[in-house]
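The structure under discussion appears below in the form of structure tokens.
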Amino acid sequence: MRDTWKAGNMLYPVPAVMVSCKKKDENAKANIITVAWAGTICSDPAMLSISVRPERYSYDIIKESGEFVVNLINKPLVRATDFCGCRSGRDVDKFKELFLHESESTKISAPGIMESPVSIECKVKDILELGSHHMFIAEVVAVTVDKQYMDEKNRFNLEKAGLVAYSHGEYFELGEKLGKFGFSVKK
Ligand SMILES: Cc1cc2nc3c(=O)[nH]c(=O)nc-3n(C[C@H](O)[C@H](O)[C@H](O)COP(=O)(O)O)c2cc1C
């Protein structure tokens, strides 16, 4: 037996990410918005999307600067992630309030978040005005990672970062590894 619901967003789990952004103006303060409506959309060129409501303080910053950084979150960042999703940069300096540090990006002027295991530098290519949310389609121009997850063989052990997923209004740390790409057909 299955219940039928009216149409709504039930594609879970999704990543919740901290998106950092900054106006091009030199004196501007960087801001962070939490985004769960984010996704990978193309491998080559590497592209991703974030969907943001126009009323968010970050919306105009991203639209005008044409840049943002997607910062993956882990267990130590989950409280800060929630805070950045409940408070606006109009009222509070989120970097300062949360004792987070800006990390200089390599290809864009918006900073990443030093405490994040992976920061993905993005340039906006297109904006789709879908409805409640406008989707920023962006090209990934660089990725920086926290070196503490690199091993002596120069392998990046992302599984050690304690990444967090968002599902139906709640945050979860990733759990047990169940297999790897292609394991079902491997001889
Ligand atoms: C877990 C979570 C996910 C969120 N996802 C989105 C999202 O995908 N798009 C969006 O516009 N707002 C999203 N929000 C709400 C914004 O993060 C929130 O309104 C924030 O305060 C906006 O910050 P700003 O005004 O400084 O830009 C989310 C909030 C939380 C807690």
Scope segment 50-65; condition in contact with a strand residue (DSSP E or B) (Cβ under 9 Å, 6 or more places away or on another chain) and of a type in the set (D, E, K, R); matching residues | Arg53, Arg56, Lys63
So which of Phe95, Phe156 is under 21 Å from Phe68 (Cα atoms) and of a type in the set (Phe, Trp, Tyr)?
-> Phe95
Look at Glu176 and say whether it is among the charged types (D, E, K, R) and surrounded by 15 or more Cβ atoms within 10 Å (Cβ to Cβ).
-> no
Which condition number in (1) more than 19 Å from Ser105 (Cβ to Cβ); (2) more than 8 Å from the ligand (Cβ to nearest atom) is the one that Trp37 fails?
-> (2)
For segment 42-52, state whether one or more residues are within 13 Å of the ligand (Cβ to nearest atom) and in contact with a Cys (Cβ under 6 Å, 6 or more places away or on another chain).
-> no
Scan of segment 149-187 for residues that are touching a residue at least 12 places away in the same chain (Cβ under 8 Å), closer than 30 Å to Cys86 by Cα and of a type outside the set (Ser, Thr, Tyr), ordered by number = Leu158, Glu159, Ala161, Gly162, Leu163, Val164, Ala165, His168, Phe172, Glu173, Leu174
Any chance Ser119 is of a type in the set (S, T, N, Q) and either within 15 Å of the ligand (Cβ to nearest atom) or in a loop (DSSP other than H, G, I, E, B) (or both) = no
Give me a count of the residues in segment 1-58 that are touching a residue at least 12 places away in the same chain (Cβ under 8 Å), closer than 15 Å to Val140 by Cα and surrounded by fewer than 10 Cβ atoms within 10 Å (Cβ to Cβ).
-> 1
Do we find a residue being in contact (Cβ under 8 Å) with a residue 60 or more places away in the chain, of a type outside the set (S, T, N, Q) and surrounded by 21 or more Cβ atoms within 10 Å (Cβ to Cβ) anywhere in segment 96-108?
-> yes
Could you pull out the residue among Lys29, Lys24, Lys63 that is of a type in the set (Lys, Arg) and modelled with pLDDT under 95?
-> Lys24
Exactly one condition in (1) surrounded by fewer than 18 Cβ atoms within 10 Å (Cβ to Cβ); (2) away from the ligand (no atom under 13 Å from the Cβ) is not met by Glu67; state its number.
-> (1)
All conditions in (1) out of contact with any Lys or Arg (no Cβ under 7 Å at 6 or more places or on another chain); (2) surrounded by 14 or more Cβ atoms within 10 Å (Cβ to Cβ); (3) more than 27 Å from Lys75 (Cβ to Cβ); (4) not hydroxyl-bearing (Ser, Thr, Tyr) are true of Gly112 except (3)
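The values are calculated or read from the model by the stated rules, or taken from the named source; none is laboratory data. Source: prediction; values computed, not measured. Every residue, glycine as well, gets a Cβ built from its backbone with ideal geometry; the counts of neighbours run over all protein chains shown.
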